[in-house]
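Asker: Would you mind keeping the following structure in view while I ask a few things?
The values are calculated or read from the model by the stated rules, or taken from the named source; none is laboratory data. Since we're looking at a predicted model, the values are computed, not measured. Because the Cβ atoms are built from the backbone with ideal geometry, glycine has one as well, and the counts that use them run over all protein chains shown.
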Amino acid sequence: MPLLSVENLRTSYTSRGHTLHAVDGVSLEVAEHETVGLVGESGCGKSTLGKTIVRLLRPSDGTIRLDGQDISQLDERSLRPVRRSVQMVFQDPFGSLNPRQRIGTILDTPLKVHGIRDPEERRRRILDITSRISIPPEALQRYPHEFSGGQRQRIGIARALVLNPKLVVCDEPVSALDLSIQAQILNLLVDLKRDLGLAYLFISHDLSVVRYFADRVLVMYLGRIVESADHATLWRNPRHPYTRALLAAIPSARQDKKLAAVLAGEVGQGIPTSGCRFRTRCPVAVKQCETDDPALRKLADGNAVACHLA
Amino acid sequence: MSLPQRPHPVLEVLDLRIGFPRGEAVHGITFAIEHGKTLALVGESGCGKSLTAFSILRLLPPAASIAGGQVVFNGQDLATVSARELRRIRGKGISIILQEPMTSLNPVLTIGAQICEIIRRHEGLSRSKAKARAIELLDLVGIAEPQRRHDQFPHNFSGGMRQRVMIAIAVACNPQLLIADEPTTALDVTIQAQVMELLDRLRHQLSMAMLLITHDLGAVAQWADRVAVMYAGRIVEQASVGEFFAGPKHPYSQGLLASSVGDEAHYTDRRLTEIKGSVASAAGATGCSFAPRCPRVAAACHLAQPALATIAPGAIRAGWSVACCQLQAQGGHTDAVAVG
């Protein structure tokens with residue numbers, strides 16, 4: 001049984017009577033100790049999906065099973081025990097820490113909330129996690145503004161891990177950081193995963209980061225998953241034209257590899273009402289794409305793709 | 001000097017210093033941009049690359065000021081020209097594109113009005129002629145239905161489209177130099193490629209020079225001719241893009257290039273190369289500001305700040321130069337011979 005199993009998930013936002021399905025029928029699985037990457041451009045619904053999985057948002061349809069338990073419609077009270085095993089790391093290390101709390105308090109609160117009464121035990125767990133993220137114990141007395149972006153992100157990671165979760169949803173954890181610091185945080189996440197036996201759902205707009213980091217990559221476009229590929233397939237044989245375009249758009253430090261295909265148009269410009277959602281930007285669209293909406297098909301090698309031509 | 005005759009550069013920045021009341025942020029940097037070429041200024045946040053870009057047109061934040069040095073454009077020192085003269089140059093001789101396409105357009109004016117403003121100001125065209133030119137420009141930057149788009153407001157445009165409008169405004173008066181400060185950072189990957197391709201096409205079409213400020217080495221490799229790497233307010237390495245990516249010399253440049261996620265890497269195979277510590281660790285120390293993070297640090301590095309010196313034949317502004325005591329100590333024998 002997978003650790004996380006999401007089926008036909010749909011999350012909608014309603015404003016002035018207009019409903020937008022930001023996540024529109026997504027199914028995915030994350031096994032224990034697995035890192036699954038989720039990529040897509042802004043507005044594709046990847047952050048909404050992440051927030052729905054940790055149940056900061058309530059889905060309008062579908063199921064989210066964590067260790068077999070359906071958490072998709074639980075109320076706040078019944079969610080509490082669940083939150084111990086699924087935690088989130090946020091993008092902005094400047095906005096996600098309370099500026100008026102000391103680091104010690106920030107790390108202590110989740111433990112208190114989850115009923116660890118013994119102060120000694122709480123202290124032990126906080127010191128254990130801070131040593132893993134290379135934050136010295138003195139830092140617990142200090143405030144977030146005294147730390148750099150990279151250190152704050154370490155603290156955000158510590159806050160997520162202090163409860164010993166099984167699954168951590170990382171929402172763009174390095175995109176606000178400088179290149180040299182990004183590498184530090186990515187290496188840290190890899191170490192923590194190995195030492196603590198974590199599973200990650202790693203959300204990013206940056207395919208170069210995701211494909212380095214993930215065992216399996218899900219590519220999202222306008223609320224749907226269009227391709228699920230393991231690491232080797234993504235490298236050698238990406239199947240969906242959108243995935244190929246994303247890969248081609250990564251500027252390479254190797255000069256001989258000039259940008260091949262630049263995708264025309266933008267996400268959300270005239271979303272087609274029939275057929276494939278990507279067809280208006282797709283370089284290889286055919287007649288069938290205008291009428292039939294391709295479903296995510298399982299392939300023989302365990303990967304999946306939503307394209308008539310793949 | 002016995003250098004071969006080179007065309008006069010469009011812009012020459014000489015020993016530029018930018019100060020804040022509590023200290024200096026840019027400590028004397030020197031570079032030049034040739035006609036029709038792109039110079040990329042790379043570095044991490046806080047290294048002073050954006051301040052440098054803003055100082056060229058004297059658009060610094062109120063607390064900052066140019067503390068020394070020259071910015072030579074067409075024989076004039078922009079650091080000291082009158083405000084009146086500077087207004088004639090901004091948008092006409094030199095234009096700038098900012099990072100944030102969402103906030104750099106006026107939300108209550110139509111796109112057309114914002115493009116026409118600059119054309120009428122600098123070229124003195126009539127209202128109708130300016131409108132015709134604005135529509136032409138929208139078409140030039142790849143906006144569909146320019147006639148209709150001309151009368152729309154910024155909120156009708158997506159991020160990528162707004163950046164195209166910003167570019168249209170910037171190139172409206174055929175500037176000789178375009179400063180692009182992280183022009184694609186706020187945009188999606190597929191849109192980034194579109195915008196960079198547009199900038200590069202316009203650069204050739206209008207024969208502009210470009211100063212590209214970026215933190216993205218991939219973008220540098222793809223779109224620039226020369227590169228200057230900044231660290232903590234100084235240029236630590238300057239070279240042609242070909243030379244640089246074939247093998248950067250400064251330990252910081254090497255670290256930057258190594259820590260970008262490689263083409264074939266996977267975390268089970270190998271770890272990413274880190275640069276230890278953070279920029280802040282340099283504060284207040286004497287000697288090389290990269291020394292606290294440098295993997296090749298030696299005792300000599302803590303004595304004095306190394307100056308930018310050429311390691312290949314040619315002047316600092318044209319050749320390959322590095323600011324590293326260790327390279328310079330041995331550079332005269334090994335590198336210079338190897339390269340030149």
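Residue-wise test of (1) at pLDDT 90 or above; (2) over 21 Å from A:ILE181 (Cα atoms).
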| position | (1), (2) |
| --- | --- |
| B:ALA239 | yes, yes |
| B:GLY247 | no, yes |
| B:TYR267 | no, no |
| B:ARG270 | no, no |
| B:ALA283 | no, no |
| B:CYS294 | no, no |
| B:ALA298 | no, yes |
| B:HIS302 | no, yes |
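Asker: Let me ask something else about it. Give the range A:67-86 a look and list any residue that's exposed (fewer than 13 other Cβ atoms within 10 Å of the Cβ), part of a helix (DSSP H, G or I) and in contact (Cβ under 8 Å) with a residue 60 or more places away in the chain, or say none.
Answerer: Of everything in the range A:67-86, nothing turns out to be exposed (fewer than 13 other Cβ atoms within 10 Å of the Cβ), part of a helix (DSSP H, G or I) and in contact (Cβ under 8 Å) with a residue 60 or more places away in the chain.
Asker: Scan the range B:48-69 residue by residue and report those that are closer than 24 Å to B:MET196 by Cβ, touching an Asp or Glu at 6+ places or on another chain (Cβ under 9 Å) and not aliphatic (A, V, I, L, M).
Answerer: Of everything in the range B:48-69, those that are closer than 24 Å to B:MET196 by Cβ, touching an Asp or Glu at 6+ places or on another chain (Cβ under 9 Å) and not aliphatic (A, V, I, L, M) turn out to be B:LYS49, B:SER50, B:PHE54.
Asker: Which residue pairs have Cβ atoms under 8 Å apart, sit 6 or more places apart or on different chains, and have a first residue in the range B:192-218 that is within 14 Å of chain A (Cβ to nearest Cβ) and within 14 Å of B:GLN99 (Cβ to Cβ) and a second that is among the hydroxyl-bearing types (Ser, Thr, Tyr) and surrounded by fewer than 19 Cβ atoms within 10 Å (Cβ to Cβ)?
Answerer: B:THR214/B:THR185; B:HIS215/B:SER45; B:HIS215/B:THR185; B:ASP216/B:THR185
Asker: Can you pull out the residues in the range A:87-126 that are more than 25 Å from A:ASP171 (Cα to Cα) and surrounded by 13 or more Cβ atoms within 10 Å (Cβ to Cβ)?
Answerer: If the condition is that a residue be more than 25 Å from A:ASP171 (Cα to Cα) and surrounded by 13 or more Cβ atoms within 10 Å (Cβ to Cβ), then A:ILE116, A:ARG122, A:ARG123 are the ones that fit.
Asker: Also, I was wondering about something else. Just need a number here: residues in the range A:110-125 that are part of a helix (DSSP H, G or I) and not charged (D, E, K, R).
Answerer: 4
Asker: Could you please find all residues in the range A:71-128 being aliphatic (A, V, I, L, M), closer than 21 Å to A:GLY197 by Cβ and in contact with a Pro (Cβ under 7 Å, 6 or more places away or on another chain)?
Answerer: If the condition is that a residue be aliphatic (A, V, I, L, M), closer than 21 Å to A:GLY197 by Cβ and in contact with a Pro (Cβ under 7 Å, 6 or more places away or on another chain), then A:VAL86, A:VAL89, A:LEU127 are the ones that fit.
Asker: Could you give every pair whose Cβ atoms fall below 8 Å, whose first residue belongs to the range A:231-247 and is over 20 Å from A:CYS276 (Cα atoms), and whose second residue is hydroxyl-bearing (Ser, Thr, Tyr) and surrounded by 18 or more Cβ atoms within 10 Å (Cβ to Cβ), counting only separations of at least 6 or pairs across chains?
Answerer: So the pair list comes out as A:LEU234/A:THR243.
Asker: Could I ask something else about it? Select from the range B:182-213 the residues that are part of a loop (DSSP other than H, G, I, E, B) and buried (at least 23 other Cβ atoms within 10 Å of the Cβ) and list them in ascending order.
Answerer: B:PRO183, B:THR184, B:LEU187, B:ASP188, B:MET208
Asker: Let me ask you something else. Working only within the range A:184-206, note down all residues that are among the hydrophobic types (A, V, I, L, M, F, W, C), within 28 Å of A:HIS308 (Cβ to Cβ) and surrounded by fewer than 24 Cβ atoms within 10 Å (Cβ to Cβ).
Answerer: Matches in the range A:184-206: none.
Asker: Test each condition in (1) within 30 Å of B:GLU117 (Cα to Cα); (2) in contact with an Asp or Glu (Cβ under 9 Å, 6 or more places away or on another chain) for B:MET196 and report the one that comes out false.
Answerer: B:MET196 satisfies all of (1) within 30 Å of B:GLU117 (Cα to Cα); (2) in contact with an Asp or Glu (Cβ under 9 Å, 6 or more places away or on another chain) except (2).
Asker: Moving to a separate point now. Answer with yes or no whether A:SER12 is assigned to a loop (DSSP other than H, G, I, E, B), surrounded by 16 or more Cβ atoms within 10 Å (Cβ to Cβ) and in contact with a Ser or Thr (Cβ under 6 Å, 6 or more places away or on another chain).
Answerer: Criteria not met by A:SER12.
Asker: With respect to B:ALA219, determine if the residue is part of a helix (DSSP H, G or I), surrounded by 24 or more Cβ atoms within 10 Å (Cβ to Cβ) and small (Gly, Ala, Ser).
Answerer: No.
Asker: Among the residues of the range A:207-219, which ones are of a type in the set (D, E, K, R) and surrounded by 24 or more Cβ atoms within 10 Å (Cβ to Cβ)?
Answerer: A:ARG211, the sole residue that qualifies.
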